[in-house]
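One structure below.
The values are calculated or read from the model by the stated rules, or taken from the named source; none is laboratory data. This one's a predicted model, so the numbers in the text were calculated from it and none came from an experiment. Cβ placement follows ideal geometry from the backbone for every residue including glycine, while neighbour counts extend to all protein chains displayed. Calculation scope for accessible area: heavy atoms of the full protein, side chains included, ligands and nucleic acids excluded. Shrake-Rupley method; radii C 1.70, N 1.55, O 1.52, S 1.80 Å.
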Amino acid sequence: MADQLHRGSHRGSRRRRGGAALRISAVVLGVLVLLGVVQAVTAGTVGVGALSVTLNGTTSTERTTTASPSDDTPALNGALAPATSETAPPSGPAKSVTGSWKQTRGLLTVEVTEVEDRSGRVRIHVTAINASTSKMDLPISSITAVDDAQREYRASPGAGRWSAAVARNSTLSGIVELDRRPVGAGTTFALTFGGIVGQLAPTGGEITVPGIPFPA
């Protein structure tokens with residue numbers, strides 16, 4: 001009787017061990033299947049080493065082919081050629097003359113202290129002194145010049161630095177640029193400020209500074 005009980009207990013123990021082994025095998029198999037799914041998603045292959053299988057269509061590689069221009073395709077060669085631009089001729093050195101050329105009318109004095117020639121652009125440095133108790137306006141649109149060859153010039157409104165308004169008992173300095181380059185026999189010019197506005201502006205609203213030299 002005892003032998004039968006022992007054999008029954010032994011068979012029950014083996015069945016329990018066998019059931020536990022099956023459960024462990026199932027868990028391991030499940031883990032392997034999960035790892036295989038992760039590997040297939042991330043790497044595009046299933047398996048290990050020689051037993052791995054590549055899944056077609058899971059990854060793609062873009063290939064870019066750059067065509068090289070050849071002598072047989074002149075249009076393409078022209079399109080790929082570097083752009084060229086004409087080189088501007090170098091400008092000549094700037095010339096200038098400094099001094100003091102001035103004129104006073106009433107309570108207004110205009111003085112030219114420097115004349116520059118920058119590749120044909122004549123720039124005139126001017127100081128206006130308003131000694132009156134009223135503001136004066138010297139508009140750039142009314143500034144003109146005439147050289148000793150009777151060639152006429154005007155102040156270029158888009159160049160230079162001239163603010164026009166001279167407050168009472170104050171001094172204004174700025175730059176007036178002529179609209180054309182000196183040519184011919186002209187060596188000096190007279191600079192005229194016309195259209196001056198103000199209660200104490202010079203009679204006739206005009207002042208002229210003569211004998212200003214062009215830079216040689």
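State the extension gain, in nm to one decimal, for the chain segment bounded by E206 and T171, taking 0.36 nm per residue of separation less the distance between their alpha-carbons. Don't jump to the answer; show the numbers that get you there.
Numbers: separation 35, 0.36 × 35 = 12.60 nm, distance 1.76 nm.
Result: 10.8 nm gained on full extension.
Compute the accessible area per residue over the stretch 86-163, keeping the other protein chains in place, probe 1.4 Å, unit Å².
On the way: 4280 Å² over 78 residues.
With all protein chains present, the stretch 86-163 gives 55 Å² per residue.
Accessible area per residue was computed with a 1.4 Å probe on protein heavy atoms; V146 scores about 50 Å².
Residues E177, E111, sorted by accessible area with the largest first, give E111, E177 [1.4 Å probe; ligands and nucleic acids excluded]. Remark: C-alpha extents of the stretch 133-189 on the principal axes read 43, 22, 16 Å, sorted largest to smallest. With the simple model of a label 7 Å out from the Cα in the direction of the Cβ, R180 to S134 spans 3.6 nm.
In this structure the amide hydrogen of K102, modeled in the peptide plane, comes within under 5 Å of the amide hydrogens of V112, none closer than 5 places in sequence on its chain.
Pop out the carbon and sulfur fraction of the accessible area of the stretch 120-216 as a percent, whole number, probe 1.4 Å. Walk me through the numbers before you get to the answer.
Working: 2260 of 4600 Å².
Its accessible area is 49 percent carbon and sulfur atoms.
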